[in-house]
Each structure stands twice: as structure tokens, then as C-alpha cells.
Amino acid sequence: MFRYIDAARHGARLVTITIDGVATTVRAGETLAAALLQSGRPDSRTTAVSHQPRGPFCMMGICFDCLVSIDGWPNQQACMIRVREGMRVERQEGCGCIPLGTDALPGGNDEASL
Amino acid sequence: MKRYDIAVVGGGVVGLASAYGLVQQQLKVALLDESDVAFRASRSNFGLVWFQGKGLGNLAYVRLLAQSISKWPAFASQLRDHSGIDPNYRRRGGLNLCVGEIAAQRRRAHIEALHRQQGDEGYRCEFLDRPQLERLFHPLRLSEEVLTASYCEADGHVNPLYLGLALQKSITELGGHYLGGYTVRDVKPVAGGGFELRTDRGTVGCERVVLAAGLGLSELARKVGINAPVRPERGQIIVTQRAQPLFPLPMNGFRQTEEGSVMLGYSKEDVGLDDSTEVPVLARIANNALKAFPQLSALRVVRTWAGLRTQSPDLYPIYAASSECPGAYALACHSGITLTAAHACLVPQWILSGCMPDVMGAFGPERFGV
């Protein structure tokens with residue numbers, strides 16, 4: 001459904017992230033939502049109550065439909081975060097699970113946040 | 001002019017429970033609700049159905065609470081049958097966490113005093129020790145400062161929004177009339193019996209009137225000769241993103257909804273009719289939450305809000321029948337969610353028999369003087 005226009009693809013640096021455990025090569029500097037859209041499976045989560053699928057929609061941090069888990073931390077807005085080499089992305093089923101193994105706050109994305 | 005056997009003024013949980021009970025007595029009942037400009041404590045509360053720790057110095061209140069709690073399971077299931085809406089009433093017990101030695105000592109003394117007052121009546125609390133609490137909350141970690149918690153099996157919680165919706169729908173399904181936007185401006189006794197209610201959408205006539213208008217009660221009650229002093233008390237709440245089940249039980253100031261949102265409370269502020277939130281109060285609430293459960297720092301806050309409690313001068317309910325205008329009644333209380341099951345049963349008994357049930361008898365407005 002979504003693909004890069006040739007001019008944008010040409011000469012772009014690439015990074016590898018995993019989406020649900022599958023290594024995926026995406027353009028450096030783009031948002032995670034853009035990466036999800038061109039991955040061939042644009043849904044990013046299911047809703048917490050009725051479990052309906054949702055995917056990136058507004059692309060500007062408003063609709064909260066693109067929530068994913070990044071490196072174990074749920075409810076991250078994929079449209080507001082840039083891809084980063086080695087980023088571990090999981091589509092979110094229902095409400096997210098906060099990690100209880102650590103008291104550490106989610107980090108690592110700060111420099112990549114838009 | 002529309003005419004009814006009984007008009008209930010107030011679409012909050014006190015009025016809804018009363019109308020729900022009355023409509024089951026083959027009466028023509030109307031529920032007059034204000035619009036969304038109303039300060040609706042019924043929609044801005046923590047959703048606890050709570051017994052433990054309440055009513056020290058007032059055994060009558062303990063009895064009233066105990067009666068309501070004992071009616072809640074059957075009430076919730078009947079309400080679900082009538083409306084098709086599950087209010088998510090869960091009664092698995094509740095906890096009052098004690099953070100720090102002083103809090104633990106105070107709680108033990110408070111519960112002991114209540115037990116002495118109660119004798120064999122009502123429900124009792126027990127104290128859980130640290131290992132019991134750790135097992136109960138695993139894998140959520142308690143801070144070292146959580147020393148103990150009082151536990152009462154009578155305590156539980158409900159979704160107050162579903163509760164209100166289920167009551168409203170049941171009233172209509174059972175033949176009652178829900179009149180939204182009918183803000184009542186005046187109540188006039190009619191010569192020969194009955195009342196006329198002047199509203200924003202015309203005049204409504206009724207044989208009897210039940211005033212349950214929350215913070216609007218004092219003014220309306222005065223028109224039928226009832227002194228019902230109420231004042232607002234603000235409470236602020238933090239709501240976080242949804243998460244996996246974290247709390248096995250609802251607590252003082254901590255509750256997780258069926259859908260996963262965590263609610264953190266609360267405050268008690270005397271600021272008049274102001275339902276705005278303030279960062280210093282919210283910061284205190286957040287810090288207190290982290291003092292008990294440090295891992296909650298991982299939860300993002302998605303909204304905050306404030307509600308206004310309806311409080312009488314001594315914080316206990318007001319149940320009044322007008323002697324000046326027979327057929328007019330006034331009700332107000334804090335803890336309207338906990339008391340919903342009692343109100344649905346007691347208010348029709350009271351109004352149909354003309355005789356106030358004993359368990360409500362201690363809450364007349366005479367106690368405030370004239």
C-alpha cells in the first residue's frame with residue numbers, strides 16, 4: 001500500500017530494526033510509523049477493550065493509534081519516534097504491559113524523539 | 001403539563017437509585033436531570049464501594065453502610081438484567097495501605113476503635129503483614145515503607161459511569177421517564193396537594209417530589225421548608241495509561257479499572273465551586289503513589305481531573321421529609337456510590353409507607369439546628 005518514491009530511496013542510509021522479531025531494513029532518519037507503513041503490515045496495535053486493529057493515522061502525535069512497544073516499553077507513539085539501529089519493535093496487543101523487572105524509566109528514544 | 005406520581009430531581013447516582021427503586025413500584029416516575037453544566041460528583045469519583053474505616057463515632061452510619069454493602073451483589077446483578085449493562089461491580093475485598101510506622105500505628109488504633117464501637121455488627125478488618133502483601137502483589141514491588149495494610153472483605157469497586165448508565169437505562173426500560181435538560185428552578189406546592197416544578201423546559205406536575213440535586217440541593221430544599229446544608233469539597237485524581245493487571249485489590253487512593261487504567265487519588269480541598277486541577281496537588285498525589293509502589297513511575301499519565309463532593313456539615317448523609325409540604329423529600333450524601341444499593345431499596349419503602357426506615361433515622365436535618 002505504501003512505498004518510497006524513487007527519489008527518496010536513492011542514496012538513503014539504511015538501518016535494521018526488528019518488528020515482532022523479524023529483522024527489517026528501513027531508511028535512517030524516518031519515523032517508526034513510516035517504517036511500519038512501508039513494511040507491508042501497517043497495523044501497529046489492537047485496542048484495549050474491543051481488540052480492534054489500529055495503525056498509524058495522523059502521523060503527527062495526535063491520534064495515538066500508532067502505539068507500539070519499543071525495547072520492552074509499551075505505548076510509544078511510532079509517529080513521534082525515529083528509527084534507530086537495533087530498535088526492537090513489537091506490535092501491541094490490547095493495553096501494554098509495563099516491565100516490572102526494573103525501576104528504570106524508558107530511555108534510549110529521547111534523542112530520537114521528534 | 002406533564003404529570004407524574006413522583007418526580008425525582010437530580011440525575012446523579014442518588015436520584016437515579018431512588019428513581020430506579022420507585023419505578024419498580026408501579027408508579028409513574030420522572031427523573032429530571034440537569035444538563036452537563038452540572039457538577040456531577042457521580043461521574044467524577046473513585047468508584048469505591050467501601051466499608052472499612054468509616055463511621056467512627058457514628059454507629060448508625062456503619063449500619064447504613066453495612067446494609068448497603070450486603071445488598072450490593074444482588075442489586076448489581078438485577079441492574080445488569082434490567083439494563084444489559086454490567087456496572088463491573090467486583091467485591092474481592094479492599095486494602096488500606098499503611099506507609100510508614102506512624103501510619104500503621106494510627107490505622108491499627110482507628111480500626112480497633114471501630115471494632116469496639118461495632119461489637120458484632122457489620123464487617124471486620126484484619127491486618128496483612130509484609131510477606132502476605134508481597135505475595136498478594138507479586139510481581140509488583142512494594143516500597144520498603146509499606147509495613148502493613150488493613151483488609152476488609154466487604155470492600156469492592158464499580159465503574160461509576162457504567163453504574164449511572166445502567167440505572168438510567170433501567171429506569172426507561174421499566175417505564176420511567178428520563179427528562180434531560182430539565183433544570184429545576186423552582187418547586188411550588190399546589191393547593192390541594194402535589195407540586196409544580198418550574199424547569200428550563202416547562203412546568204412538570206407531580207404528587208410527590210424527591211430532591212436529590214447534589215450541590216444544588218440546599219436551594220431547592222429551602223423552597224419546601226427543608227434545611228439541607230451542603231457544600232462542595234474538591235478531590236483531584238490522576239489517571240494513567242492502561243496496563244496489565246497490577247493491583248489485585250482496590251485500595252485507599254489506588255484503583256485499577258477493568259480496562260486497565262490506574263487511578264491515583266486523592267485530595268480534599270475547600271475551594272468552593274471550582275473543579276479545576278492544580279499541579280502541586282497532583283504532584284503530591286503522584287509522589288505518594290510512588291512512595292508505596294516505585295514501579296508506577298513507568299506509567300504515563302494520560303489525564304487528570306477534579307470532582308466536587310457533596311458534603312454536609314458533619315459529612316454524613318441528609319435524609320429529610322418536609323413537614324411544611326408533605327410529599328416533598330430531600331436526600332444528599334457523600335459516598336453515594338457505596339450507598340446506591342441501599343437507596344434503591346430504602347427510598348421507595350420510605351416514600352410509599354410515609355415512614356422512614358430505622359436505618360436512615362439518624363440522618364435527619366434537625367441535627368444541624370434551624
With only alpha-carbon atoms counted, please give the Rg and Dmax of the range B:189-289, in Å. 20.6, 61
Mind running the shape call on the range A:12-62? Use the C-alpha gyration tensor, a ≥ b ≥ c as the square roots of the eigenvalues: rounded below 1.5 for a/c, prolate if a/b tops b/c, oblate otherwise. oblate
Residue-count net charge about B:R309 - beta-carbon cut-off 12 Å; Lys, Arg +1, Asp, Glu -1: 0
Counting Lys and Arg as +1 and Asp and Glu as -1, each charge on the Cβ, what is the dipole of the range B:37-184 about the Cα centre in debye, to the nearest 20? 260
Number of partner chain Cβ atoms within 10 Å, mean per residue of B:138-145: 1
Bin all alpha-carbon pair distances of chain A at 5 Å intervals from 0 and give each bin's fraction as a whole percent. 2, 12, 22, 26, 20, 11, 4, 2, 1
Given +1 on the Cβ of Lys and Arg, -1 on the Cβ of Asp and Glu, and no further charges, what dipole in debye does chain B carry about its Cα centre, rounded to the nearest 20? 300
Please say if chain B is rounded, prolate or oblate, where rounded means a/c under 1.5 for a ≥ b ≥ c the square roots of the C-alpha gyration tensor eigenvalues, and otherwise the choice is prolate for a/b larger than b/c and oblate otherwise? prolate
Work out the P(r) tail for the protein assembly as shown: percent of alpha carbon pairs separated by more than 42 Å, whole number. 30
Find, among the trypsin sites (Lys or Arg not before Pro) in the range B:171-222, those assigned to loop by DSSP (not H, G, I, E, B) with at most 13 other beta-carbon atoms within 10 angstrom. B:R201
Once you place label points 7 Å from the Cα toward the Cβ at A:R3 and B:D36, how far apart are they in nm? 4.6
From the residues B:L163, B:P232, B:L220, which one has its Cα farthest along the dipole of the range B:116-249 in the positive direction, the dipole being from +1 and -1 charges on Cβ of Lys/Arg and Asp/Glu about the Cα centre? B:L220
Compute, for the range B:212-278, the length of the dipole vector about the Cα centre, with Cβ point charges of +1 (Lys, Arg) and -1 (Asp, Glu) only. Units Debye, rounded to 20. 220
Using label points projected 7 Å from each Cα along Cα→Cβ, tell me how many nm separate B:A362 and A:H10, to one decimal. 8.6
Using +1 at the Cβ of each Lys and Arg and -1 at the Cβ of each Asp and Glu in chain B, identify which of B:C345, B:V14, B:A243 lies farthest towards the dipole's positive end. B:A243
In whole Å, what is the distance between the alpha-carbon centres of the range B:262-290 and the range A:4-50? 41
Once the Cα atoms of helix B:160-173 and of chain B are each reduced to a long axis, what angle between those two axes, in degrees from 0 to 90 to the nearest 10, is obtained? 30
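Any read-out appearing in this document is the output of simple, stated calculations on the displayed coordinates, not a laboratory observation. Because the structure is predicted, anything quoted here is derived from the model rather than measured. As a convention, Cβ positions derive from the backbone with ideal geometry for all residues, glycine included, and neighbour counts pool all protein chains shown.
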